[in-house]
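All of the numbers you see were taken from the coordinates with simple rules; none came from a lab. Please read these numbers as outputs of a predicted model, since none were measured by experiment. Every residue, glycine as well, gets a Cβ built from its backbone with ideal geometry; the counts of neighbours run over all protein chains shown.
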Amino acid sequence: MQRIGVFVCHCGSNIAATVDVKKVVEMAAKEPGVVHAEDYQYMCSEAGQAKIAAAIKEKNLTGIVVCSCSPRMHENTFRGAAERAGLNPYMVEIANIREHCSWIHKDVEEATKKAVILARAAIAKVNLNTPLKPGESRVTKRALVIGGGIAGIQTALDIADAGYEVDIVEKTPSIGGRMSQLDKTFPTLDCSACILTPKMVEAAAHEKITIYTYSEVEKVSGFVGDFTVDIKKKARYVDANKCTGCGVCQEKCPSKKSLSEFNRGLNTRSAIYTPFAQAIPNVPVIDTEACIKMKTGKCGICSKVCQAGAVDYEQKDEIITEKYGAIVVATGFDTIKLDNYDEYAYNQSKDVITSLELERVMNAAGPTKGHLERLSDGKHPKEMVFIQCVGSRCADNRGKSYCSKICCMYTAKHAMLIRDKYPDVNVTVFYIDVRTPGKNFDEFYRRAVEDYGVNYIKGQVGKVIPQPDGKLLVQGVDLLDNKQILKEADMVVLATAIEPNPDVRKIATMLTASIDTNNFLTESHAKLRPVESPTAGVFLSGVCQGPKDIPETVAQAGAAAVKAIGLLAKDKLLTNPCTAKADELLCNGCSTCANVCPYGAISYEEKEVNDHGIRETRRIAVVNSALCQGCGACTVACPSGAMDLQGFSNRQIIAEVDAICR
Amino acid sequence: MQELINRAKELLESGEVARVLGWKAGDLPYNPEPAYFEKAEDLKDFVYNGFCGANLSKYMIEASKLEGKTMVCLKPCDTYSFNQLIKEHRVDREKAYIVGVGCKGKLDIEKAKKLGIKGIESVSGAEMTDDCDTLTFQTIYGEKSVAYADVMLERCHVCKGKEHQVYDEIIGESKDTKDAERFAEVEKIEAMSPEEKFAYFQSELSKCIRCNACRNVCPACSCRKCVFDSTKFDSAQKANVDSFEEKMFHVIRAFHVAGRCTDCGECSRVCPQGIPLHLFNRKFIKDINEFYGEYQAGEDTDSRAPLTNYTFEDVEPSIVTERG
Amino acid sequence: MSIETNEEFRPKIVAFCCNWCSYAGADLAGSSRLAYPADVKIIRVPCSCRVNPMFILRAFEKGADGVILCGCHPGDCHYSTGNFYARRRMTLLFSMLDYIGVENGRTRVEWVSAAEGVKFSQTMNEFVEKIHSLGKNVRLGDLRCKN
């Protein structure tokens, strides 16, 4: 029989206000095996942990139950406290009487009753706990960064600077990401390329960094410290080792009608192309859809003009398999599709553009060479209207429920830059709220209004109607003056909501990392572990986790790097001891368990057993505890009940069921 | 039958097999029982006729551990069970010399009794060489003839076919005796109201005396130690016969063999209380076929069983409510 | 809610939640103060595939009126494939319970991610309401013995 101590936490008033903690103590003390029960203000505090330690020693406890917050919060805290007092950490169970009880119930009697039952279930379980010992697994001292935008680049640089090998996998032909498409950055208005390109060069030149552009992650297996990843290097049809980046091929390419991805489809590019002048690597790729040689077999001009002989039409996709200890996801974002927002006439008029498209228009390397002009007729606009929250903060299913966070600031930036460069252009911004939390942000916005005379109107735009003369009629409402507004504009700019890169779902699935309903990757804890995925060894950098501006992205990228470095710095990891184990006397050797094991952790051995005096050689399942992650699929597949999960055994779970249903 | 005995004798005498697993006559003309024959002269007791319903594949689990090969007589439907046992590494194919024996449908003496046939002294028309169209009973009240099909086991009415799935040689002819829809009975129950369903199963299962005959005969119930006999699923030590498993026995048993049950029908055949236990297993088979595609356990030895497989598009459990 | 309509009946409801998604979703429901009836008691399991049909039958036999299993959304399982197996097992089990005449609303599977506190709370409210409408579970206590 166990000697169990029960510790009921008040959590200040978080628990104690709704749960009668004294009653829980009183009731718990009556349960079989319980020899000690007490309550305290904050069990997780040093004093609380000292109480646990003292009781373990004085009462010779063999198991403890802490009735407190979620085990996801403090299970490790209490396991640590137990271990320091000489108790096996796996002899600790948590009854979650905060998140699952006091916080959701109002009635004290009802909440107390439930807390008692939850305590009872945990006590019933701990009665059947057995001491467990973690195993060890190795750490491959190499990190993978998925995504080569500013988040990925910063994370890779920080990890590499700490002395670890890093590979960046980038889907497009160049690193740089969204930031490379921006013209200026708020609130300091420095040129995006001027601050980004040195980082790109640094990453490319770093001896610890390997960059795989035009590549995608194909397959991920393994677990923290020991991931195996297949990377598909798509054929560029240009030998990167030979190419000098002279650009002649792009000049001479006769197929020049493909829309430029980099310029958001506002102009065209050749079939053999580098996305932009500062691309890294400065090695073009051939777009097989557009290439005449690929389509018809005739042409081959790029190959003929290439003095380095780098063009190779026979190049094949290549799979690179590499091992990693840590994986950082930095897959970034895109703007949402505007198909649901027909009222803004985005698909009808060339002069209705997204803010990201405006970035390209304003950029000297963009489709208009940096001149502000209408894309329909090249005329200089006089009236510009910005519409905020297009698809953000949306109550229905048309758009996104969240605030995209960056739009208010970049719109202030656009408005200011336009007014600065073209004082003859009137700028009007329709907004729901202007949100400017951030260092020097509100000052920046006020400058736009006060110094640059940008006309901010609180209210939404109902419709943008293209006029026969090419103008755009904007129908809006001014909520402060409570009046309808009809405004003729030459250009309309939509502050389009951002969303996680659509590829992230596939990647999250491969990594078994959780994703929320908006496809943002979920962090392990919203406050305390914001850059870690709940999947051990997977870290989050940048907008893949939630909307962010550049400084926040860079800060998070550094934080993700530090977490990855912390992992890579270890030589060995302790493995979860809650692994499956086969009872060799019950095992039939039928292989059913191995069929459902996602880790290939189960093998079979011909083993001599002594079954109550009968000695025979039997085929028996053996679990490799270093590979087993403890899901328990095998335990249910096993027809004889031979396979059980340590820490979550059949008997333990049934004891909980019984305690709850009692 | 003589051909079978001759061949068995040959195999034993040549030393190719160490024993023969077949049937020997029982104390009544209609209850032969499974038996081992280790010497040629013992084969005089060997019988094989329409009453040899027992599926011998499960015996091969123990026989696989013995020295030398065992000649085992398997009917076409028994071979599914044998394949399933190979798949689960419970029998050793190398230790078995499989004689696929012909089958023209096996008999259920209870059905004869229900037809009013009593005081049976002998039966004719159920030998391997017979056509198995008519069955004639010599009784103390005189001779009685009935249509063979009227006395057939339930499972033979939904016969899986006359092909042996695994064998070394085949002796005797087989006949596909299927004359009913396999899932007709299940569908009948599915169409009932929840109250009717419950009443039906409660009345059937209330007859259960927990004799374990179903479990012991079932080739899928091949565990060294059954979960019902271990303490693995009880929070306390096994308390008494009133435990949870006792009450849920048949549902749990059916779930344990789901996707592995070949629908051999032995459970229903041996139930002394006449509970139609196959209706549980067949329900699972029907669901598996409908939800995950046709699957016949024991048709092969390497396919993935439905419960150890999945597709992304699998139906959600809510289908049960949605289909009404 | 139906608690008012039937005051005496407080159902016993067991909710199995996988550690990675649904248990976290329940935590989020808690920290967001999204109430659901106290009748629901959660048992934490590593993965929905850890839930043996035996546990569910056991709960019913011990007097539970409803059992719900929550796991990660298909494709998002922390262990890649666990919920796929759970889905098949539960589909077959629920179908069997329906077949033997147990009201099929007493069992449910719901996929709840760590971010879906709202869904968790809503699901539990709905489920409790459903169990209220079904009333006390009398059928699964003992199938084998006629009263």
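Rounded to whole Å and sorted largest first, what semi-axes of the equivalent ellipsoid does the C-alpha gyration tensor of segment A:525-662 yield via the square root of 5 times each eigenvalue?
With the √(5λ) rule applied to segment A:525-662, the semi-axes are 42, 19, 12 Å.
Roughly what would the spin-label model give for residue B:2 and residue B:133, points 7 Å off Cα along C-beta, in nm?
So the two model labels end up 2.4 nm from each other.
Would you tell me the mean number of C-beta atoms belonging to other protein chains that fall within 10 Å of each C-beta in C:11-18, as a whole number?
If you average over the peptide's residues, the count of other-chain Cβ atoms is 2.
Rounded, prolate or oblate: which fits segment A:70-229 when a ≥ b ≥ c are the square roots of the eigenvalues of the alpha-carbon gyration tensor, with rounded for a/c under 1.5 and prolate only if a/b beats b/c?
prolate
Need the full-extension length gain, residue A:60 to residue A:506, defined as separation in residues times 0.36 nm minus the C-alpha distance. One decimal, nm. Before the final figure, lay out the partial values.
Working: separation 446, 0.36 × 446 = 160.56 nm, distance 5.07 nm.
The residue A:60-residue A:506 span can extend by a further 155.5 nm.
Compute the normalised compactness of the protein assembly as shown: alpha-carbon radius of gyration over 2.2 N^0.38 Å, N being the residue count.
Rg over 2.2 N^0.38 Å, computed on Cα atoms: 1.13.
Taking N as the number of residues in chain A, what value does Rg over Cα atoms divided by 2.2 N^0.38 Å take?
1.18
Other chains' Cβ within 10 Å of C:112-122 residues: what's the mean?
On the way: counts 0, 5, 9, 10, 2, 1, 1, 1, 0, 1, 0.
Per residue, the number of nearby Cβ atoms from other chains is 3 on average.
Would you mind giving the average projected area, over all directions, of the Cα convex hull of segment A:359-418 in nm² with one decimal?
Over every viewing direction, the Cα hull of segment A:359-418 projects on average to 5.1 nm².
Any idea what the alpha-carbon Rg over 2.2 N^0.38 Å comes to for chain C? Show your work: numbers first, answer last.
Values: Rg = 14.9 Å, N = 147, 2.2 N^0.38 = 14.7 Å.
For chain C, the normalised Cα radius of gyration is 1.02.
Given the -39500 (n - 2.57) contribution per DSSP H run of 4+ residues, what per-residue ellipticity at 222 nm results for chain C, rounded to the nearest 500 deg cm²/dmol?
Here the helix-only value at 222 nm equals -12500 deg cm²/dmol.
For segment A:251-379, what are Rg and Dmax over the alpha carbons, in angstrom?
For segment A:251-379, the Cα-based Rg and Dmax read 18.5, 55 Å.
Please tell me the relative contact order of segment A:556-662 in percent, rounded to the nearest whole number, where contacts are Cα pairs under 8 Å and at least six residues apart.
32
Ratio of Rg to Rh for segment C:13-92, alpha carbon only, Kirkwood?
With Rh from the inverse mean 1/r over Cα pairs, Rg/Rh is 0.98.
Of the DSSP beta bridges with both residues in segment B:48-182, give the percent that are antiparallel, rounding to the nearest 5.
Of all bridge pairs located within segment B:48-182, approximately 60 percent are antiparallel.
If each residue's Cβ is checked for other Cβ atoms within 10 Å, how do C:79, B:310 rank with the fewest at the top?
Exposure proxy ranking, most exposed first: B:310, C:79.
Rounded to the nearest 20 debye, what is the charge dipole size of chain A about its Cα centre when +1 sits on each Lys and Arg Cβ and -1 on each Asp and Glu Cβ?
Approximately 340 debye in magnitude.
When Cβ neighbours within 10 Å are restricted to other protein chains, what is their mean count per residue of peptide B:289-299?
Counting other chains' Cβ atoms within 10 Å and averaging over B:289-299 gives 1.
Kirkwood hydrodynamic radius (Cα pairs, Å) of segment B:46-105? Can you show the working numbers first?
Working: mean 1/r = 0.0852 Å⁻¹.
It works out to 11.7 Å.
What's the Kirkwood radius of segment B:168-314 in Å, using all Cα pairs?
Details: mean 1/r = 0.0576 Å⁻¹.
The Cα-based Kirkwood calculation yields 17.4 Å.
What do you get for Rg/Rh of chain B when both radii come from the Cα atoms and Rh is the Kirkwood radius?
Here the Rg-to-Rh quotient is 0.98.
Could you tell me how many degrees, from 0 to 90 and to the nearest 10, lie between the Cα long axis of helix B:194-205 and the main elongation axis, the longest principal axis, of the Cα atoms of chain B?
That helix lies at roughly 40 degrees to the long axis.
Let me check I have the definition right: for segment A:297-367, take the eigenvalues of the Cα gyration tensor, multiply each by 5, take square roots. What are those semi-axes in whole Å, largest first?
The equivalent ellipsoid of segment A:297-367 has semi-axes of 37, 26, 15 Å.
Residue by residue through segment A:191-207, what is 3J(HN,Hα) from phi via Karplus (6.51 cos²θ - 1.76 cosθ + 1.60, θ = phi - 60°)? Round to whole Hz and write x for glycine and proline.
Residue by residue, segment A:191-207 yields 6, 4, 4, 5, 9, 8, 4, x, 5, 4, 5, 4, 5, 5, 8, 5, 5 Hz.
Rounded to whole Å and sorted largest first, list the principal axis extents of the Cα atoms in segment A:4-63.
For segment A:4-63, the Cα spread along each principal axis is 31, 27, 12 Å.
Classify segment A:585-655 as rounded, prolate or oblate, taking a ≥ b ≥ c as the square roots of the eigenvalues of its Cα gyration tensor: rounded when a/c is under 1.5, otherwise prolate if a/b is larger than b/c and oblate if not.
Taking the square roots of the gyration eigenvalues as a ≥ b ≥ c, segment A:585-655 is oblate.
With a cut-off of 8 Å between alpha carbons and a minimum separation of six or more residues, what is the relative contact order of chain A in percent?
Answer for chain A is 13 percent.
Suppose R0 equals 41 Å; then what is the FRET efficiency for residue B:110 and residue B:301 from their Cβ-Cβ distance, rounded to the nearest 0.05?
With a Förster radius of 41 Å, E is 0.75.
What's the exposure ranking of B:208, A:631, A:407, going from fewest to most Cβ atoms within 10 Å?
Starting with the residue having the fewest Cβ neighbours, the order is B:208, A:407, A:631.
Which aspartates and glutamates does residue A:463 reach when only Cα atoms under 13 Å apart count, and residues fewer than 8 places away in its own chain are ignored?
A:342, A:343, A:488
First check a/c for segment B:258-303, with a ≥ b ≥ c the square roots of the eigenvalues of its C-alpha gyration tensor; if it is under 1.5, answer rounded, and if not, answer prolate when a/b is larger than b/c or oblate otherwise.
oblate
With each run of n ≥ 4 DSSP H residues scored as -39500 (n - 2.57), what mean residue ellipticity at 222 nm is computed for chain B after dividing by its residue count and rounding to the nearest 500 deg cm²/dmol?
Taking each H run of at least 4 residues, the total per residue is -8500 deg cm²/dmol.
Once you place label points 7 Å from the Cα toward the Cβ at residue A:421 and residue A:482, how far apart are they in nm?
Output for this residue pair reads 4.1 nm.
Please turn the phi angles of segment A:472-483 into ³J(HN,Hα) values with the Karplus equation 6.51 cos²θ - 1.76 cosθ + 1.60 (θ = phi - 60°), one per residue in order, whole Hz, x for glycine and proline.
10, 8, 9, 9, x, 9, 9, 6, 6, 8, 6, 9
Picking from A:52, A:661, A:378, whose Cα lies most toward the positive end of the charge dipole for the protein assembly as shown (charges on Cβ: Lys, Arg +1; Asp, Glu -1)?
My answer, from the dipole projection, is A:52.
Do me a favour and compute the ellipsoid semi-axes for segment A:361-495 from its Cα gyration tensor, root of five times each eigenvalue, largest one first, whole Å.
Ellipsoid half-lengths, sorted descending, are 22, 20, 15 Å.
So who's got an amide H within less than 5 Å of the one on residue A:539, skipping anything under 5 residues away but keeping other chains? H placed 1.01 Å off N, in plane.
A:327, A:328, A:329, A:533
What is the magnitude of the charge dipole of segment B:1-98 about its Cα centre, with +1 placed on the Cβ of each Lys and Arg, -1 on the Cβ of each Asp and Glu, and no other charges, expressed in debye to the nearest 20?
Charge dipole of segment B:1-98: 300 debye, to the nearest 20.
Measuring from the lowest to the highest alpha carbon on each principal axis, how far does segment B:1-103 reach, largest first, in angstroms?
36, 28, 21
How much of the DSSP bridge set in chain A is antiparallel, in percent, rounded to the nearest 5?
Beta bridges within chain A, antiparallel portion: roughly 55 percent.
P(r) for segment A:1-155: what percent of alpha-carbon pairs falls in each 10 Å bin, starting at zero?
Cα pair-distance distribution for segment A:1-155, in percent: 12, 39, 25, 11, 11, 3.
Just rank B:120, A:465, fewest to most, by other beta-carbon atoms within 10 angstrom.
A:465, B:120
Where in segment A:315-336 does the amide nitrogen come within less than 18 Å of the point 7 Å from the Cα of residue A:432, taken along Cα to Cβ?
A:335-336
Can you tell me the dipole magnitude for segment A:171-277 around its Cα centre, using point charges on the Cβ only (Lys, Arg +1; Asp, Glu -1), in Debye to the nearest 20?
Working: 16 positive and 11 negative charges, 92 e Å.
Result for segment A:171-277 is approximately 440 debye, rounded to the nearest 20.
Among B:87-100, B:253-266, A:510-523, what's the highest-first ranking by average C-beta atoms within 10 angstrom per residue?
The packing order, highest mean first, is B:253-266, A:510-523, B:87-100.
State the number of lysine pairs found in segment B:64-119 whose Cα atoms come within less than 14 Å, restricting to pairs 8 or more positions apart or on distinct chains.
Details: B:65/B:95; B:69/B:95; B:75/B:104; B:75/B:106.
The number of close lysine pairs in segment B:64-119 is 4.
Got a sec? Charge dipole of segment B:63-146, +1 on Cβ for Lys and Arg, -1 for Asp and Glu; which of B:103, B:74, B:124 is way out at the positive end?
Value computed over the given set: B:74.
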